[in-house]
Amino acid sequence: MNAHPYDALTPDLILDAVDSLGLITDGRLLALNSYENRVYQVGIDEQAPLIAKFYRPERWSDAAIAEEHAFALELAAHELPVVAPLVIDGSSLFSHQGFRFALFPRRGGHAPEAEDPELLYRLGQFLGRLHNIGATQPFAHRESLTPALAQHALAALEAFAGHESGYLTAARQLIEQAQARFNAVNPSLLRGHGDCHIGNLLYRDEQLWLVDLDDTRMAPVMQDLWLLLSPEPDSQRRQLTELLDGYEEFRDFPRAELALIEPLRALRLVLHDAWLAKRWSDPAFPKAFPWFDQNGYWAAQARRFDEQRRALDQPTVTLY
């Protein structure tokens, strides 16, 4: 196997990178759960540990990362509970021996309970405020979440699984059906978190934190809500009602975007497969996702795509 760029990201390099900013590390290093980037808790002498995020080489441009940081800092400046990068000597993105990295304060907590009505109401308030800020200006260097993004991602899947014609046909049909829904709704796009699921929320002692804006992008409003919802219709309806009660205290929700829940789920299915295909040369991926290149996966996923197409044909969720 060819060497992967992350092979050079040794413990000594990580500590040296943090030390290069004038901080004094104490040798403690804990790898945190992250596949796209490499993220570590780093001990700092006589201070609280920091979180160091080493960006995947060649994924984002410096300008795109700068937009991520600027958006996080903008949200934090408006007192939203977002974990924003540290700014040192006027910069938040740093480089050391070919790796770009950023530092973040450590925040403790656990994933919140997705069915808690009070928490959902608070999350809705939070997202309404976030989208008010996100709508003030667009990103210039980050991609938009639309069916065109999934269509573009098919190239990686064709290269990886070109012999699986049934899978590729099902993927194309699913994207086309999602595109038809997008065309019918014609949503406006704004800056959002992009990957707002329970795993990117920390909750402790009534304090809520939103972490990891790595996938922030221009997207429909619904993108930051649907990942918090159960696929089961009654639970989804209850959760949406609480979320939107909070959301609409700060911002009108475009009700037409209720029709985008299943199209956005469809895009996520295809984009997740494309993500795995693009990252397969990273040794961490075959270890973590050993089923991905197995023969049975492609046929099973084609069936999953067909099921999702049927879900796209179902009536849009209605609220109480």
*asked:* Taking just the alpha-carbon atoms of the stretch 144-194, what radius of gyration and Dmax come out, in angstrom?
replied: 12.9, 38
*Cα-based radius of gyration of the stretch 71-152 once divided by 2.2 N^0.38 Å, which approximates compact folds*: 1.40
*Rule-of-thumb check for the stretch 177-320: C-alpha Rg over 2.2 N^0.38 Å?*
1.16
*How much solvent-accessible surface does L30 expose, in Å² to the nearest 10, with a 1.4 Å probe and all protein chains in place?*
90
*Expressed in nm², what is the orientationally averaged projection area of the convex hull enclosing the Cα positions of the stretch 1-108?*
7.5
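Compute the whole-percent fraction of alpha carbon pairs in the stretch 259-320 spaced more than 16 Å apart. Can you show the working numbers first?
Values: 1032 of 1891 pairs.
Across the stretch 259-320, Cα pairs with separations above 16 Å total 55 percent.
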*Largest-first ellipsoid semi-axes for the stretch 1-54, taking √(5λ) over the Cα gyration tensor eigenvalues, angstrom*: 22, 12, 8
*Using the Kirkwood formula over every pair of different C-alpha atoms, what hydrodynamic radius in Å results for the stretch 84-126?*
13.6
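Which value results for Rg/Rh of the stretch 30-168 when Rg is the Cα radius of gyration and Rh the Kirkwood radius based on the inverse mean 1/r? Let's see the in-between values first.
Working: Rg = 18.5 Å, Rh = 18.2 Å.
Rg/Rh: 1.02.
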*Take the Cα radius of gyration of the chain and divide it by 2.2 N^0.38 Å, with N its residue count; two decimals is plenty.*
1.04
*Solvent-accessible area per residue for the chain at a 1.4 Å probe radius, Å²?*
46
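Per the 1.4 Å probe, what fraction of the accessible area of the chain, in percent, lies on carbon and sulfur atoms? List each step's numbers first, then the result.
Numbers: 7320 of 14870 Å².
Heavy-atom surface of the chain belonging to carbon and sulfur, 1.4 Å probe: 49 percent.
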*What does the highest-first list of 77-84, 123-130 look like by mean Cβ count within 10 Å?*
123-130, 77-84
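The values are calculated or read from the model by the stated rules, or taken from the named source; none is laboratory data. Computed from a predicted structure; not experimentally measured. Don't worry about glycine lacking a Cβ; one is built from the backbone with ideal geometry, like all the others, and counts go over all protein chains shown. Side chains included, ligands, DNA and RNA excluded: accessible areas come from the protein's heavy atoms. Shrake-Rupley method; radii C 1.70, N 1.55, O 1.52, S 1.80 Å.
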